[in-house]
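**Q** Dropping the structure in here first, questions after.
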Amino acid sequence: MRARAWLCVAALPVVALTGACGGGEDSSEPASAAESKAAEHVTVLKITDTSTPGNWSWDKKRLTAKAGKVTLVFHNPSDLGHNVRIQTGEKCCFGRDSKDLGGTQVIGGLSNDANKTARATLELKPGRYWFLCAIPGHWQAGQRGSLVVN
Ligand SMILES: [Cu+2]
């Protein structure tokens, strides 16, 4: 027990100092050495399209992330193309003060069946954001949600 703890400190000094070596921090995070060594925190947000005819939706309405790198993993098994974009602004979406900060390309649909998952990594500061499908009509129909970065 004691030897193992010592080894842990020796192998991963940065991680040990932040308290993650004992595995008691966030149990939802994978604790592999490669990922723990990264100085910057990366939040992975998974969003899946759950649309049915006449009802366009995602499996998430609210997301939270830690400030820093935020990776969107968007899965779209539907017959229609969609994307996930991150916007700023008082209200969702495309308001006067809205700004597109990035996101995935359009994926899915019948035309490109092989490409059903897209990823995008953004650098986000603490604040409130929106995630939405930027295709006209889609975010109005329900493909949108709020993202809080702490
Ligand atoms: Cu869409």
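Every number here is computed from the coordinates shown, using simple stated rules; none is lab data. All values derive from a computational prediction rather than experimental measurement. Cβ atoms come from the backbone with ideal geometry, glycine included; neighbour counts cover every protein chain shown.
**Q** Magnitude of the Cβ-charge dipole of region 40-149, K/R +1 and D/E -1, about the Cα centre, nearest 20 debye? Don't skip to the answer; put the middle values down first.
**A** Details: 15 positive and 9 negative charges, 79 e Å.
Magnitude of the dipole: close to 380 debye.
**Q** Shifting gears a bit: Just the Kirkwood number for region 40-149, please: inverse of mean 1/r across all distinct Cα pairs, in Å, one decimal.
**A** On the way: mean 1/r = 0.0723 Å⁻¹.
Hydrodynamic radius (Kirkwood, Cα only) of region 40-149 equals 13.8 Å.
**Q** Among bridges DSSP assigns within region 40-149, what percent are antiparallel (round to 5)?
**A** Values: 24 of 35 bridges.
Percentage antiparallel, nearest 5: 70.
**Q** Okay, moving on. Given H placed on each backbone N at 1.01 Å, which residues far from Leu63 in sequence or on other chains put an amide H within less than 5 Å of it?
**A** Ser146, Leu147, Val148
**Q** Tell me the net charge near Ser51. Cut-off is 11 Å between Cβ atoms, Ser51 excluded, with +1 for each Lys or Arg and -1 for each Asp or Glu.
**A** Values: positive: none; negative: Asp49, Asp59, Asp79.
That works out to -3.
**Q** Also, quick follow-up: If the cut-off is 23 Å between C-alpha atoms, which lysines fall inside it for Lys125, apart from same-chain ones fewer than 8 positions away?
**A** The reachable lysines, counting only those whose Cα sits under 23 Å from Lys125, are Lys37, Lys46, Lys60, Lys61, Lys66, Lys69, Lys91, Lys99.
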